[in-house]
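Here the structure is laid out as structure tokens; the discussion comes afterwards.
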Amino acid sequence: EYAAKFESLCKFSPHYNTVEAENDKCVKFESGLRPDIKHSIGFVEIRNFNTLVTKSRICDDDAKAKSNYYKAMKGKGQDRGKPYEGKGNKSFGRNDEKKRNDGKCYKCG
């Protein structure tokens, strides 16, 4: 979507329509990419506009697939409740002392 809009707007700028401006066009296109795509592509320094657009679309598709995968996995697998959350009626603190000090064996009652 961004690539199509960028290309349509470049038609109105004579500077970006020259062969010599290919590098500038790529730099401008990169600067408008989402940060996650820019991070993936920015280190490669692609200076062919068509290649840059293709690679950015691949990165975008991969990001969407990854997002959909994790959304589908959400709710499956382990119960991710609070850590150390007790099940049932367990008591902690002072109530434990009362149970131990009532004269009964804490194992057999």
Total formal charge among the other residues, if their Cβ is under 12 angstrom from that of residue 13, Lys/Arg +1 and Asp/Glu -1: +1
Ordering of 49-61, 7-19 by burial proxy (mean other Cβ atoms within 10 Å per residue, highest first): 49-61, 7-19
Global size of the range 1-81 as Cα Rg and Dmax, reported in angstrom: 16.9, 58
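No value in this document is a laboratory result; all are computed from the given coordinates. Computed from a predicted structure; not experimentally measured. Methodologically, a virtual Cβ is constructed for each residue, glycine included, from the backbone with ideal geometry; neighbour enumeration extends over all protein chains shown.
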